[in-house]
Amino acid sequence: MAALMLALAVPGISAAHDFKAGSLELKHPWSAKAPPVAPVLGGYLTIVNTGAESDRLLGGSTPVAERLEIHDSSIVDGIARMRPAKDGIEIAPGATVSLQPGGAHIMLVNPKQRPAEREKFKATLQFEKAGSVEVEFVVQGKGKATATPPAEDHNAHGKP
Ligand SMILES: [Cu+2]
């Protein structure tokens, strides 16, 4: 554990906007540009587990929002529903897990800042084994790279 924490203290210098923590590779964290009134911002990235042990994304924090939550998405009666992933998101050995619009995702609840498109913001992701990992999310407009984020779905989240 101590060795892992040490490795994480090394600043990530990466033009490719990828991050590494132990045997986890965190690829291109991004957030969808949302309307100024949106109560949540979605966060997405791809996690590759190159190790022999399973790990779990449990949560995290970011200066730009009150809370960072991990959400799961499932189709119930043809409607996409989201709820906090109580046990986090498992990343099995050798697996590539994509957090993306319409699927499991990171939810930034009650944004305090609204970074503009192409701006980056910091976040700390908490993994069961890899521990705390600092990453940077880049804000992207809709309709780029991956699918269009279903922003209206996020409004369905109830407040606790
Ligand atoms: Cu959500």
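Observations on the model:
- Classification of the range 20-141 by its C-alpha gyration tensor yields an oblate form. The axis ratio a/c (a ≥ b ≥ c) is 1.5 or more, and b/c is at least a/b.
- Using C-alpha pairs under 8 Å with a sequence gap of at least 6, the mean separation divided by the residue count of the range 20-141 gives a relative contact order of 34 percent.
- Modelled spin-label separation between Arg81 and Glu53, with each label point placed 7 Å from Cα along the Cα-to-Cβ direction: 3.5 nm.
- Shown in residue order for the range 36-52 are the 3J(HN,Hα) couplings computed by the Karplus curve 6.51 cos²θ - 1.76 cosθ + 1.60 at θ = phi - 60°: x, 8, 4, x, 9, 10, x, x, 9, 6, 10, 10, 10, 9, 8, x, 9 Hz (x for Gly and Pro).
- Ordering His105, His17 from the fewest to the most neighbouring beta carbons within 10 Å gives His17, His105.
- The range 20-141 - share of DSSP beta bridges that are antiparallel (%, nearest 5): 95 percent
Readers should treat all values here as calculations from the given coordinates under stated rules, not as data from a laboratory. In this text the structure is predicted, and so the values were computed from the model without any measurement. In this analysis, Cβ positions are derived from the backbone assuming ideal geometry, glycine residues included, and neighbour counts consider all displayed protein chains.
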